[in-house]
1. Would you confirm whether or not the stretch 182-199 contains a residue that is more than 27 Å from F18 (Cβ to Cβ), free of Cβ contacts under 8 Å to residues at least 60 places away in the same chain, out of contact with any helix residue (DSSP H, G or I) (no Cβ under 9 Å at 6 or more places or on another chain) and in a loop (DSSP other than H, G, I, E, B)?
2. Search the stretch 223-249 for residues that are among the charged types (D, E, K, R) and pair each with any residue that is part of a helix (DSSP H, G or I) when their beta-carbon atoms are under 6 Å apart and the residues are at least 6 apart or on different chains.
3. Identify, please: which residue in the stretch 124-160 is in contact (Cβ under 8 Å) with a residue 60 or more places away in the chain and open to solvent by less than 10 Å² (accessible area, probe 1.4 Å) and is, among those, nearest to D58 (Cα to Cα)?
4. When you look at A217, is it surrounded by fewer than 21 Cβ atoms within 10 Å (Cβ to Cβ) and outside any helix (DSSP H, G or I), yes or no?
5. Quick check, is G252 over 16 Å from Y181 (Cβ atoms), outside any helix (DSSP H, G or I) and modelled with pLDDT of 95 or more?
6. Which condition from (1) closer than 15 Å to S210 by Cβ; (2) touching a helix residue (DSSP H, G or I) at 6+ places or on another chain (Cβ under 7 Å) is the one that S259 breaks?
7. Out of V301, V260, V233, report the one residue that is modelled with pLDDT of 95 or more and either surrounded by fewer than 16 Cβ atoms within 10 Å (Cβ to Cβ) or in contact with a strand residue (DSSP E or B) (Cβ under 9 Å, 6 or more places away or on another chain) (or both).
8. Would you pick out the residues in the stretch 32-55 that are under 19 Å from T204 (Cβ atoms) and either open to solvent by less than 50 Å² (accessible area, probe 1.4 Å) or among the polar types (S, T, N, Q) (or both)?
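The values are calculated or read from the model by the stated rules, or taken from the named source; none is laboratory data. Everything numeric here is computed off the predicted structure, so don't read it as measured data. Using ideal geometry, Cβ is built from the backbone for each residue, glycine included, and neighbour counts are taken over all protein chains shown. The area values use the complete protein model at the heavy-atom level, side chains included, leaving out ligands, DNA and RNA. Shrake-Rupley method; radii C 1.70, N 1.55, O 1.52, S 1.80 Å.
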Amino acid sequence: MTPTHRTTQLGMTGPRVFPIALGCMGMSGAYGPSDEAESIATIREAIDRGVTLLDTADFYASGHNELLIRRAIEGQRDKVRLSVKFGAMRGPDGVPVGFDARPTAVKNFVTYSLQRLGVDHIDVYRPARLDPAVPIEDTVGAIADLVKGGYVRSIGLSEVGAETIRRAAKVHPLSDLQIEYSLITREPEKTLFPTLTELGMSATLYGVLSRGLLTGAKVEGARMHYPRFAGEVGQRNAATVARFHAYAAERGMTPAQLSVAWVLAKQPAFVPVVGARTRKQLIDVLGALEKPLSPDDVAAVEAILPKEAIAGTRYPEQQMKLLDSER
């Protein structure tokens, strides 16, 4: 793996980046304990191997994730592009206390993110969700002011629907939509992806390993609260995914590689965001770039694991109701 791999443009206004991005949320305890030294080593390994886009949020462990990234990219800021989400608020105990995407809040959030990250600008800045109390035009307008001021380079969105995207795009050009997409979460293909293509936008695709469901990850941390992992449904899903694992082995691939390779084959203009927490996981995932899937391969994978084969929603019911992307 070298930095000479093809790159992907994030829309017409965003940066050109390596075809796989590194999501850093799991490095701050979201899926169980993480080793800080290994996390930093993983980010640096990713940079050495050509990865350019790092994805984080100011609320990941209440700022811990941004501080971690600051240490990891010290002296290498010119080699990375930072994608930062904002809006979710936490109490001192880590419990969610609301969401705020008012213009004044946007400018406050970015100030602290810049400080924690130790940078003078953020490459892609986006609200993590739609704030139902604030018109998207107001939120994007505030970020547009930050673009004019040089604090932000590009504007993105996350987990919003087609109508919201269209409204936001009238205020300022948008680089990409961050949305969950995987072999077992294909709903964005219906209306979201065509809307992005029409508007000249890209997508950064998270959850491509379905939070570890596709790779057989241990059910701990946040996974314990997701319907696809819980109880009898979780056991059935794990048994279903076993067929996918067997097919990956037949092809000489790991489940993670096959999951990422499927996404790259289906959506070559978009960028999967993979939450590797260790150098071993990172190197495994990047191996997908060396094992591309043909159309016949894609069809075979989808026959083994059709999207309706997995039971349960991607988030708990209450969270699903709050997602503009699900409307």
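1. First, pick out the residues of the stretch 182-199 that are more than 27 Å from F18 (Cβ to Cβ): 190-191.
Of the ones still in play, those that are also free of Cβ contacts under 8 Å to residues at least 60 places away in the same chain are 190-191.
With the extra rule that they be out of contact with any helix residue (DSSP H, G or I) (no Cβ under 9 Å at 6 or more places or on another chain), the set shrinks to 190.
With in a loop (DSSP other than H, G, I, E, B) added as a condition, the list becomes 190.
Checked against the condition, which is being more than 27 Å from F18 (Cβ to Cβ), free of Cβ contacts under 8 Å to residues at least 60 places away in the same chain, out of contact with any helix residue (DSSP H, G or I) (no Cβ under 9 Å at 6 or more places or on another chain) and in a loop (DSSP other than H, G, I, E, B), the stretch 182-199 yields at least one hit.
2. Listed pairs, sorted by first residue: R223/R211; R228/N237; R243/I304.
3. So the residue we want is A128.
4. Yes, satisfied.
5. Numbers: over 16 Å from Y181 (Cβ atoms): yes; outside any helix (DSSP H, G or I): yes; modelled with pLDDT of 95 or more: yes.
Considered against the rule, which asks whether it is over 16 Å from Y181 (Cβ atoms), outside any helix (DSSP H, G or I) and modelled with pLDDT of 95 or more, G252 comes out as yes.
6. Here S259 meets the rest and fails (2).
7. V260
8. Within the stretch 32-55, the first condition is being under 19 Å from T204 (Cβ atoms), and the residues that meet it are 42-43, 46-47, 49-55.
Of everything in the stretch 32-55, those that are under 19 Å from T204 (Cβ atoms) and either open to solvent by less than 50 Å² (accessible area, probe 1.4 Å) or among the polar types (S, T, N, Q) (or both) turn out to be T42, I43, A46, I47, G50, V51, T52, L53, L54, D55.
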